[in-house]
Amino acid sequence: MYFPNADVVIHPALPVLLGVIVGMLGGFFGVGGGFLITGGLLVFGVPPVYAVGTGLTLVMGTAIINTLKHRSLGNVDFKLGGLMVTGTIPAIFLAEWVNATLEAAGIAGPVIRYVYVGFLASLGLFLLFDYWRTHIRTHQGEEDVTTVGLTQRIRTLRIPPHWVGIPRVGGVSTYVSLPVSGIERISVFVPVGIGFGIGFIAGLLGAGGGFILMPVLIYVLGIPTTIAIGTDLFQIIITGSVGSFAYALSDRVDPLLAVLMLSAASIGSQLGARATQRVDPSRIRFMYGLLIITGAVAVALEEMSQAVPGADALSTVASVVLLGSGGGMCIVLLVMMARSRERRRGGGH
Amino acid sequence: MNEFLTGLSSGQPVVWAAFVLGVMAVTALTLSFFWDGTLRAVRAFTRERTEERVREVLARFPRAAWQRRAWQRRMWWRRRRMMRRRAGRDDVLP
């Protein structure tokens with residue numbers, strides 16, 4: 001099949017398969033899956049510039065489908081998502097400016113990649129450590145995490161001003177309650193600040209930011225895992241839209257490829273979102289940790305392929321590692337869903 | 001179609017960017033509603049079939065009143081468990 005904008009011919013089964021994997025993992029983990037899409041498209045022979053732009057556009061589309069699905073399951077806190085978005089949008093533009101400055105100094109590429117690898121590896125290791133500590137060692141509940149103290153401190157932060165005067169309305173409190181997330185009272189500056197931080201890191205690393213936001217919502221704000229996944233997806237719609245608009249402006253998106261993959265992703269999304277209701281939250285976090293570590297390995301291989309002369313094959317290995325782990329995880333998910341179904345049937349009689 | 005896509009993308013960048021975002025958003029919404037409706041229909045159909053089968057079996061092997069009440073109670077608890085599990089909360093009642 002010929003894709004005119006990217007000027008490439010690909011067998012349609014390949015993007016369809018990639019779309020199903022991305023949709024399923026996106027619905028299950030609450031991530032856009034940009035790193036997975038870009039890696040896959042590069043393996044299929046799509047030019048790198050189009051791979052990134054088309055990937056971001058697909059991230060936006062899958063985020064819309066997944067958010068709607070999670071909304072029907074009651075997993076999205078729109079109030080929290082809206083507050084975070086107000087911090088995210090200016091942070092993305094700030095990050096773009098910092099990126100341009102680093103690029104002008106000639107240190108953007110390596111610095112960003114090293115930071116990315118370090119960030120992904122430490123995040124993945126922390127998630128696995130948390131699973132081991134709360135689930136295996138002390139046998140705590142499914143929603144218990146190691147950062148309860150931090151969560152309490154963040155939620156009770158008192159940040160001035162406590163009131164804002166609005167003409168004709170009067171004083172308005174800067175504290176809100178987020179009942180969907182189970183937060184009674186929190187300063188609006190906390191979610192706005194988190195949104196700003198995530199937007200800045202995401203813009204700097206050239207990613208959607210979903211992979212950082214999900215753990216931050218769970219471990220810093222103490223939100224239940226399924227709500228964190230849904231709210232994270234809502235946030236990705238905004239960041240994905242801004243990113244894909246910028247890429248489309250410079251004609252680096254192939255909409256035909258994106259729509260084909262989106263159609264396949266919509267099938268995977270239904271399964272992924274449904275799986276969050278069937279799999280223990282602690283296991284979701286554990287599997288997410290594994291996926292993040294695989295991402296770190298893939299980015300490290302990609303960096304090595306560029307740094308070491310004659311090691312171009314490592315780039316392909318990185319993409320294959322990513323795709324293989326994504327596909328493997330989808331199979332594990334399907335098996336877990338089937339087992340859960342059997343258990344439920346057995347328990348019903 | 002190929003000419004339209006390549007022509008629009010090279011000629012008018014802002015219109016092209018808006019077109020790409022619009023196409024993706026509309027496709028995503030359409031697919032989402034399509035799958036939602038399809039899955040709902042499948043669920044309703046299978047539930048109907050199950051209830052039909054239960055009625056058939058009951059007509060063939062009539063139960064005593066106490067057995068029927070016990071079965072209804074069991075079904076009630078099963079439905080309640082399912083709804084709680086789906087909602088992920090303990091405060092949802094059937």
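Every read-out reported here was derived from the displayed coordinates using simple, explicitly stated rules and does not represent laboratory data. Quick caveat: nothing in here was measured; it's all calculated off a predicted structure. Positions of Cβ are generated from backbone atoms using ideal geometry, with glycine treated the same way; all protein chains shown enter the neighbour counts.
Averaging over all projection directions, find the projected area of the Cα convex hull of the protein assembly as shown and quote it in nm² with one decimal place. Numbers along the way, then the final one.
Numbers: hull surface 110.2 nm².
Here the figure is 27.6 nm², rounded to one decimal.
Within 10 Å of each Cβ of A:246-253, how many other protein chain Cβ atoms are there on average? It would help to have the intermediate numbers written out before the result.
Numbers: counts 1, 2, 10, 6, 4, 9, 1, 6.
Per residue, the number of nearby Cβ atoms from other chains is 5 on average.
Given the options B:Met1, B:Gly37, B:Val20, identify the residue whose Cα lies farthest towards the positive end of the charge dipole of chain B (+1 on Cβ of Lys, Arg; -1 on Cβ of Asp, Glu).
Final value for the positive-end residue is B:Gly37.
Compute the long axis of helix B:2-11 from its Cα atoms, compare it with the longest principal axis of the Cα atoms of chain B, and write down the angle in degrees, 0 to 90, nearest 10.
60 degrees
I need the calculated FRET efficiency for the pair B:Ala65 and B:Leu29, taking r as the beta carbon distance and R₀ as 56 Å, to the nearest 0.05. It would help to have the intermediate numbers written out before the result.
Numbers: r = 51 Å, r/R0 = 0.91.
FRET efficiency, B:Ala65 to B:Leu29: 0.65.
Checking the a/c ratio against 1.5 first, then a/b against b/c, what shape does the Cα gyration tensor give for the stretch A:169-218?
Numbers: a/c = 3.98, a/b = 1.81, b/c = 2.20.
It is oblate, given that a/c is not under 1.5 and a/b is not larger than b/c.
Over chain A, what relative contact order in percent results from Cα pairs under 8 Å that are six or more residues apart? Let's see the in-between values first.
Numbers: 545 pairs, mean separation 125.3, N = 349.
Here the relative contact order equals 36 percent.
With the cut-off at 1.5 for a/c, could you classify the stretch A:1-96 from its C-alpha gyration tensor as rounded, prolate or oblate? Kindly include the intermediate steps, with their values, before the conclusion.
Values: a/c = 2.96, a/b = 1.54, b/c = 1.92.
Oblate is the answer for the stretch A:1-96, as a/c is 1.5 or above yet b/c matches or exceeds a/b.
Apply the membrane-span-like helix rule to chain A: whole DSSP H runs, Cα extent along the own long axis of at least 27 Å, mean Kyte-Doolittle hydropathy at least -1.0. List the helices found. Kindly include the intermediate steps, with their values, before the conclusion.
Values: long enough: A:48-72 (36 Å, 0.63); A:78-104 (39 Å, 1.00); A:108-131 (34 Å, 1.36); A:225-249 (36 Å, 1.26); A:255-278 (34 Å, 0.71); A:281-307 (39 Å, 0.80); A:313-348 (52 Å, 0.71).
Within chain A the helices that satisfy the rule are A:48-72, A:78-104, A:108-131, A:225-249, A:255-278, A:281-307, A:313-348.
Report D for the stretch A:202-349 in µm² per second (integer): Stokes-Einstein, Kirkwood Rh on Cα pairs, 4 °C, 1.567 mPa s. The partial results should precede the final answer.
On the way: Rh = 17.8 Å.
For these conditions, the coefficient is 73 µm²/s.
For the stretch A:1-70, calculate the relative contact order in percent as a whole number, restricting contacts to Cα pairs under 8 Å that are 6 or more residues apart.
Working: 53 pairs, mean separation 21.2, N = 70.
Reported as a whole number, the value is 30 percent.
Which of the trypsin sites (Lys or Arg not before Pro) found in the stretch A:165-265 are loop residues per DSSP with 16 or fewer other Cβ atoms within 10 Å of their Cβ?
Working: sites: A:Arg168, A:Arg185, A:Arg252; in loops: A:Arg168, A:Arg252.
When the trypsin sites (Lys or Arg not before Pro) of the stretch A:165-265 are filtered for loop state and at most 16 Cβ neighbours within 10 Å, A:Arg168 remain.
How crowded by other chains is B:28-39, given as the mean number of beta carbons from other chains within 10 Å of each beta carbon?
6
Which one, B:Arg68, B:Arg60, B:Arg79, has the greatest fluctuation when you compute a Gaussian network model over chain B with C-alpha springs under 10 angstrom?
Taking springs between Cα atoms under 10 Å, the residue moving most is B:Arg79.
What is the order of A:Glu303, B:Glu3, fewest Cβ neighbours within 10 Å to most?
Working: A:Glu303 20, B:Glu3 8.
Going from sparsest to densest Cβ surroundings: B:Glu3, A:Glu303.
Could the peptides A:240-246, A:324-330 be put in order, highest first, of the mean number of other beta-carbon atoms found within 10 Å of their residues?
Working: A:240-246: 22.0, A:324-330: 18.1.
Ranking, from highest mean packing down: A:240-246, A:324-330.
For the protein assembly as shown, what is the calculated [θ] at 222 nm in deg cm²/dmol (nearest 500), taking -39500 (n - 2.57) for each run of four or more DSSP H residues and dividing by its residue count?
The helix-only estimate for the protein assembly as shown comes to -26000 deg cm²/dmol at 222 nm.
Sorted by packing (mean other beta-carbon atoms within 10 Å per residue), highest first, where do A:89-100, A:257-268 land? Provide the component values of the computation, followed by the final result.
On the way: A:89-100: 15.4, A:257-268: 24.9.
So the peptides A:89-100, A:257-268, ranked by packing, come out A:257-268, A:89-100.
Where a ≥ b ≥ c are the square roots of the eigenvalues of the C-alpha gyration tensor, would you call chain B rounded, which needs a/c under 1.5, or, failing that, prolate if a/b is larger than b/c, or oblate? Mind dumping the intermediate values first?
Working: a/c = 10.06, a/b = 2.99, b/c = 3.36.
Since a/c reaches 1.5 but b/c is at least a/b, the shape of chain B is classed as oblate.
When 1/r is averaged over all different Cα pairs and the result inverted, which Kirkwood radius in Å belongs to the stretch A:119-246? List each step's numbers first, then the result.
Details: mean 1/r = 0.0612 Å⁻¹.
Result for the stretch A:119-246 stands at 16.3 Å.
Between A:Gln277 and B:Phe45, what's the calculated FRET efficiency when r is the beta-carbon distance and R0 is 30 Å? Round to 0.05.
Details: r = 21 Å, r/R0 = 0.70.
For A:Gln277 and B:Phe45, the calculated efficiency is 0.90.
In vacuum, with every alpha carbon of the stretch A:86-192 counted as one equal point scatterer, what does the Debye formula give for log10 I(q)/I(0) at q = 0.19 Å⁻¹? Two decimals, please.
Scattering profile of the stretch A:86-192, log10 relative to I(0): -1.08.
With Kirkwood's inverse mean 1/r over C-alpha pairs for Rh, give me the Rg to Rh ratio of the stretch A:197-274, two decimals please.
Numbers: Rg = 14.3 Å, Rh = 14.0 Å.
Ratio value, two decimals: 1.02.
Can you find, among A:Gly53, A:Leu256, A:Gly74, the residue farthest towards the positive end of the dipole of the protein assembly as shown? Put +1 on the C-beta of Lys and Arg, -1 on that of Asp and Glu.
Most positive-ward Cα: A:Gly74.
Counting only other chains, what is the mean number of Cβ atoms within 10 angstrom of the Cβ of each residue in peptide A:60-67?
Details: counts 5, 10, 3, 1, 8, 9, 2, 2.
Mean shielding count: 5.
For A:Ser181, what charge total do you get from the other residues with a beta carbon under 11 Å from its beta carbon, if Lys and Arg give +1 and Asp and Glu give -1?
On the way: positive: A:Lys79, A:Arg155; negative: A:Asp77, A:Glu184.
With Lys, Arg at +1 and Asp, Glu at -1, the neighbours total 0.
Would you mind ranking A:Ile10, A:Ile21 by Cβ crowding within 10 Å, fewest neighbours first? Spell out each step's value before the answer.
Details: A:Ile10 17, A:Ile21 27.
With the fewest neighbours first, A:Ile10, A:Ile21 line up as A:Ile10, A:Ile21.
Could you order peptides A:170-177, A:119-126, B:12-19 by the average number of other Cβ atoms within 10 Å of their residues, highest first?
The packing order, highest mean first, is A:119-126, B:12-19, A:170-177.
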